[in-house]
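A short worksheet on the structure shown next.
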Amino acid sequence: MGFFKRQLPMIIVSVVGFLMIVSYFSPAPFLQGMFTGANEWVQIIANFALVIGVFSLMRAHYIKIKRKEAGYGYSIVMYICLIFMTFVGLALERNIKSGGVFMWMFKWVNTPLTMTTFSLLAFYIASAAYRAFRARTFDATVMLVGALILMIGRVPLGAMLSDFVHQQITVTQIIPGLPEMAGWLLSVPAMAARRAIFLGLAVGIVATSLRILFGIERTYMGGGD
Amino acid sequence: MSGKTHSGKCGFFAVSLTVFLCIAMATVGIGQPGELVLPAEFKAIDTPHDAGKSILLVWSRSPSEETRADKGLEYVIYEATSPEGPFKVEEKAIVGLEDTLCSDAPALFGFSPRHKNFRFVEISQVDEETEEVRQHWYRLGIRDETVTEPVMLDTIVTAKARMNYFMSHRWNTLLVLLLMAGLVLVCIEWAKKHPDLFIRKIPGIDAVDEAIGRATEMGKPIMYLTGYSDIDSIATIASINILAHVAKKVAQYDSRLIVPNKWAVTMTLTQEVVKQAYINAGRPDAYNADDIFFIAGEQFSYVAAVDGMMVREKPATNFFLGSFAAESLLLAETGFSIGALQIAGTDSTYQIPFFVTACDYCLIGEELYAASAYLSREPRLLGNLKGQDITKIILTILILLGSVLMSLHVFYPEQHWLQAIKHFFAAL
Amino acid sequence: MIWHELLGIWLAAGFTLAIYSFLYKDNPAYKLAEHIYVGVSTGYLICIAYWEVIDKKVIAALGQHEWIVIIPTLMGLAMFTRFSKKASWVSRIPLAFIIGYTAGVAAPNNIQGLLIEHSYATINPVLTAGFAPQLNAIIMLLGVTCGMIYFFFSVERKGPIKVAARLGIFFLMIYFGVAYGYMVMGRESILIGRLNFLILDWIKPTLAAIGRLFGG
Amino acid sequence: MNIWERILQIDRRYIFLLIGISGAIPIIMSFSLPTFVTPEVRGVYNAIDALPEGAMVLVSFDYEPSAMPEMDPMAKAILRHIFGRGLKVVGVTLIPYGTGIGEELFVAMEREFNLKQGVDYDFLGYKPGYQAVVLGLGQDLKGSFPKNFYEQDTRTVPILKDINSLRDFDYMMWLHDDAYGGYGWIIYGRQNYGIDIGSGCTAILATGMYPFLQAEQVTGIVGGLKGAAEYEKLMGYTGSARLGMVAQSSIHVMIIGLILLGNIAFILSKRKPKKEPSG
């Protein structure tokens, strides 16, 4: 039994991974077919797994309802919405993409909730910036200056401001305007740092993948040998 | 010298270059601007690194390109199913002067500068009706606005489309992969002999103990998020590896660990990992599977639910490790508002700034992948970090050297080997 | 205006305000919106998963006698063995398949897409025509190499390495600030979208309708 | 605790309030700032304006719902221009979410211009494969989309009668929030089938599109809310984009002001706050 529980999954990981690598380097149709096939298989498995996720969600709310925990009424609402949406989408409407109750729910319930939750970012981005962008240390100051130049330089205000200063004080004309500075910061020093991050990431990702394929790293399977 | 050039092709190009130069000089000597001059060389070869569906037709540039460029000069390819013909009157392909030089397609021909003197076209050998690969024969014509009929070259060429098993233009990827695989294995052996390997401090990971201790003291739970991506992202796997260490410590400290998941597969894996960690810590009874659950499957409903849970459960510590998208700041700011100590780490470069501003500690990019090894202190994994470092050192040296050579190339433009390192890194 | 659209606008406006109420503090309106959101979005996800994957890729394939699709189906079903204590190890097989796939795809793709591509973009002549491009090339090269040195894990930070790593942090900080500033505008426009909806699609038409009602 | 220290520790909910108000007021009051039209937006406008009556325009709706606040005002302004001139539109999308977006826009336009599906416009819908879809459309439109979004046989749809490939379109508008398929429309659509393309994209993506403008692979770029506002200006109306631009500037200035205020307070209070950012 130990073989099926421990070794077999590791063998599958290595074999599947190796085949994927080979198919990356070969144009042979059967390998390419295997690559797309594997991609579809992963999708199919993940979609079956969704049932387990939904089961977990329903169980968590069921426990709340059963124990009549504070706010269990919300869990009942969750149940109603989930069952209603699923019933409409699976049983009532075969063509869910256009018209109908399903798309109406998507358009007037799901989308506004998505957009609104997303838009909370505008508030958070302001409060986080207010708190963190203070000239406390050298590093924090560098961040602050970079953020300010970008924020001012990329709106019309930045251009107007630079033009005004350039016209008033002729000497400042040797200093580039804020939009140019913003563009330069983005394309040179920030790009350099981003590339360094990317190169480090690539090495980290590949090394982690190889550790997994060689069976050196197996913590994700519950660890132990 | 680019490694992409095959020796056979080298010979072919060397010969054809000579022929081309002779003819070019001859025509210039004759200097008849009124006549179209035929290319000196016309050849068919199998398309390298394809599945055997097409061939390439390659010919030397006609000297007329120089003299009659403004006359809409173009080449015409005629096709036949047998060498005797008949060559279909309808053109198989018309080849203009833009983007058809062999040097425009280094993936097929490599970077040799001589390819500037040749043009090519890729021709499918698949029969449109039967979808079978069939051999064809080709002739080349040249024409411009001033002539009604194209001037035809007598040469009839053909090639068999062969199946290639290796995408030769990806040899650089293969080389890097083999190098890294070798380094991984070598460094493991090395680390077994040198267990006391130096690893620099990673502040975010050093804070893990403090963060868990804090939660225990306050009697509040710890929240751990594996991020936005499913298990198809290596960052998620890295995060699950870190979770194993965190869970073990949580079990030892006797705190509560909450792991809300966005994906069913990560939920399954995180349950497995946490359960095993509790077993390893000798406290299997303390493991509660209901604390590792699926909370919502869509990006912002996940945010709404996790944020709601955060303000209600008030965890003392938040871990955000894995891939994150727009939700990074939505989670971290809510975490800040409840006064949680927050440790974040992500490979999503655009989200790192948000985590840096809103969290107490942030693992930047690669540090996320190093964290598991750092926490485990296992020689095999630490040796692996050494391997990563060696790769980066080699990369740094190559980048510096490459830049120096490229600078020299500015002064010696005919020394094409100076571009070799840059060309090695060309993703074709 | 059609009645169901009017209902939709009012519903959407209500949800928008409910979510925004969270900015003040957690409250019943937010909780209600949150639970509805989780229910609806998960239901949506289930339907999409069924129609786009199970129906199109499994049932349709079986209809065309592509029996190979039975293997991933069985692997998918094997995930359910998690509910049994004895057989739960079977679920490791589909997990192993997915992880093998992930690792196998990630390794070469990241070498090509990140490592090779960004190295290629970095290697440029340092000595070029003009002072400005030359300076930029030097700064770029410096930033990339020092940034990489910052990530070295097994090299002690002393002497030149310390200086380089420090310089690397400097470049990283510029990037963080610049990237933050760069993202601000896009985030603002999302809020504008919501405000536009609330004011232009909801409040103003409603006020206009009330005005018509009483103003004759 | 002096005033500066109080400002430093201000409850973040006041910040939220300031942001909300500074965004809402310009929209409520319908403020508008003078809008200057940039050449890249004019490039798209002029290209559409120069099309002969009855010309065919392909529109690809390649953006996700999360980009709708930025993209919808732009898409509406451009579609109004196209339909207002009596041109015909065929819609398509390379991403699954694009179907909902495309359908909704067509429904809105149908009402506004009294259009008829199948005669004045048609929507092909979604097909996976990015570049493969572009290539498929380039070779055989009806073969790669046997049925349109409304489940009709594309061979029987009147508007598609003479449309067999990308070559039969007079212009293409690419509305996108990402470089789907690695700029498949430009690389394959433009280079292989010679279709003129206008790009409409999010502000973040616009920077990355400029090389294509310089290489004349797109006739113009409409970038983000700002681009949409300029297009509305060209069309001669003040829509949500122009109102939104003022609101956006106002929020933007507010955030900058807050950061500056925080720093002034910090310097004047000379007090170290608890939380340090880490790197």
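Quick notes on this structure:
- Coarse-grained scattering of region A:135-225 at q = 0.26 Å⁻¹, given as base-10 log I(q)/I(0) from a Debye sum over alpha-carbon atoms: -1.21
- Under the span-like rule (Cα at least 20 Å along the axis, Kyte-Doolittle mean at least 0.0), DSSP H helices of chain C: C:3-20, C:28-48, C:92-110, C:131-151, C:160-196
- Summing +1 for each Lys or Arg and -1 for each Asp or Glu among the other residues whose beta-carbon sits under 10 angstrom from that of B:Ala105 gives -3.
- Across all C-alpha atoms in region D:40-137, the radius of gyration and Dmax reach 13.2, 35 Å.
- Stokes-Einstein D in µm²/s, Kirkwood radius over Cα pairs - region A:1-92 at 10 °C with 1.306 mPa s viscosity: 93
- Total charge dipole magnitude, region A:1-92, about the Cα centre, Cβ charges on Lys, Arg, Asp, Glu only, Debye to nearest 20: 560
- Solvent-accessible area lost in complex, 20 Å² minimum, residues of region B:324-345 relative to chain alone, 1.4 Å: B:Ala326, B:Leu329, B:Leu330, B:Glu333, B:Thr334, B:Phe336, B:Ser337
- Order of exposure, largest accessible area first, which applies to D:Lys233, A:Lys68 with probe 1.4 Å: A:Lys68, D:Lys233
- Global geometry of region A:71-225, whether rounded, prolate or oblate, following the gyration tensor of its Cα atoms and the 1.5 cut on a/c: oblate
- Between 0 and 90°, nearest 10: helix D:203-214 axis offset from chain D longest Cα axis: 50
- Accessible surface ranking for B:Ile394, A:Ile83, 1.4 angstrom probe, highest first: A:Ile83, B:Ile394.
- For the residue pairs B:Lys248/B:Lys392; B:Lys192/B:Lys262; A:Lys5/C:Lys57; B:Lys116/B:Lys422; B:Lys249/C:Lys162, the C-alpha atoms sit more than 28 angstrom apart in B:Lys248/B:Lys392; B:Lys192/B:Lys262; A:Lys5/C:Lys57; B:Lys249/C:Lys162.
- Excluding same-chain neighbours fewer than eight residues apart, the aspartates and glutamates reachable from C:Lys56 by a Cα-Cα span under 17 Å are A:Glu40, A:Glu93, C:Glu66, D:Glu151.
- Note: relative contact order over chain B, using C-alpha pairs below 8 Å and six or more positions apart, is 15 percent.
- On the beta carbon distance between B:Asp127 and B:Asp209, with R0 = 45 Å, the FRET formula returns roughly 0.05.
- Taking every C-alpha pair closer than 8 Å and separated by at least 6 residues, the mean separation divided by the residue count of region C:21-131 gives a relative contact order of 10 percent.
- Interface between chains B and C: roughly 5800 Å² of accessible area buried, both sides summed (probe 1.4 Å, protein heavy atoms only).
- For region D:39-237: accessible area per residue (Å², 1.4 Å): 37
- With Cα atoms defining each centre, region B:208-282 and region B:344-365 are spaced 19 Å apart in the structure.
- Between B:Arg134 and C:Asp201, the distance separating the two model label sites (each 7 Å from Cα on the Cα→Cβ line) works out to 5.6 nm.
- R0 of 35 Å, Cβ-Cβ distance C:Phe83-B:Leu178: FRET efficiency to nearest 0.05: 0.25
- The residues of chain A expose on average 41 square angstrom of accessible surface per residue, using a 1.4 Å probe on protein heavy atoms.
- Compared with the dominant Cα axis of chain B, that is its longest principal axis, helix B:7-30 is turned about 40°.
- Over chain B, accessible surface divided per residue gives 39 Å², non-protein components excluded, 1.4 Å probe.
- Accessible area ranking (1.4 Å probe, heavy atoms, ligands and nucleic acids excluded), largest first, for B:Glu41, C:Glu188, B:Glu98: B:Glu98, B:Glu41, C:Glu188.
- Segment C:Lys56-C:Thr128, extension gain: residue separation times 0.36 nm, minus the distance between their alpha carbons: 20.3 nm
- Dipole magnitude for region D:39-237: computed about the Cα centre from +1 point charges on Lys and Arg Cβ and -1 point charges on Asp and Glu Cβ, it is near 260 debye.
- In degrees, nearest ten, helix A:138-153 long axis to first principal axis of chain A (Cα): 80
- Annotation: Cα Rg of chain D relative to the compact-globule expectation 2.2 N^0.38 Å equals 1.21.
- Modelled spin labels at C:Leu11 and B:Glu79, positioned 7 Å past Cα toward Cβ, are 5.5 nm from each other.
- Buried area at the A:C interface is about 10200 square angstrom, summed over both chains, from accessible surfaces computed with a 1.4 angstrom probe.
- Protein accessible surface hidden between D and A, which excludes ligands and nucleic acids, total in Å², probe 1.4 Å: 2900
- The heavy atoms of C:His65 present about 120 square angstrom of accessible area, all protein chains included, probe 1.4 Å.
- For region B:284-311, a decrease in accessible area of 40 Å² or greater in the assembled protein chains relative to the isolated chain, with a 1.4 Å probe, applies to B:Asp290, B:Phe294, B:Glu298, B:Phe300, B:Ser301, B:Ala304.
- Here B:Leu408 and B:Met152 are evaluated by their C-beta separation; at R0 = 41 Å the FRET efficiency comes out at 0.35.
- Just the protein heavy atoms count here, and of the accessible area of the protein assembly as shown at 1.4 Å, carbon and sulfur take up 62 percent.
- Cross-link reach is defined here as a Cα-Cα straight distance under 28 Å, omitting same-chain residues fewer than 8 places apart; for D:Lys233 the lysines meeting it are C:Lys204, D:Lys76, D:Lys88, D:Lys116.
- Relative contact order computed over region B:197-377 (Cα-Cα under 8 Å; 6+ residues apart), in percent: 27
- Cα pair distances in chain B, grouped into 10 Å bins until the bin that holds the longest one, percent each: 4, 16, 19, 14, 13, 13, 12, 7, 2, 0
- Euclidean distance between Cα centres, region D:1-36 to region C:64-110, Å: 52
- Couplings for region B:157-170, taken from phi via the Karplus curve 6.51 cos²θ - 1.76 cosθ + 1.60 with θ = phi - 60°, read 10, 7, 7, 8, 6, 10, 6, 9, 9, 10, 7, 4, 6, 9 Hz in order; Gly and Pro are left as x.
- The alpha carbon centroids of region A:134-160 and region A:73-96 are separated by 48 Å.
- Legend: residues in region C:8-28 shielded by at least 50 square angstrom of accessible surface upon adding the remaining protein chains to the isolated chain (1.4 Å probe, heavy atoms) are C:Phe15, C:Ile19, C:Phe22, C:Leu23.
- Estimated purely from DSSP H runs of n ≥ 4, each contributing -39500 (n - 2.57), the mean residue ellipticity at 222 nm for the protein assembly as shown is -18500 deg cm²/dmol once divided by its residues.
- Radius, Kirkwood style, for the protein assembly as shown when every pair of distinct Cα atoms is counted (Å): 32.3
The values are calculated or read from the model by the stated rules, or taken from the named source; none is laboratory data. All values derive from a computational prediction rather than experimental measurement. Glycine also receives a Cβ, built like all others from the backbone with ideal geometry; neighbour counts cover every protein chain displayed. SASA here: full protein model, heavy atoms, side chains in, ligands and nucleic acids out. Shrake-Rupley method; radii C 1.70, N 1.55, O 1.52, S 1.80 Å.
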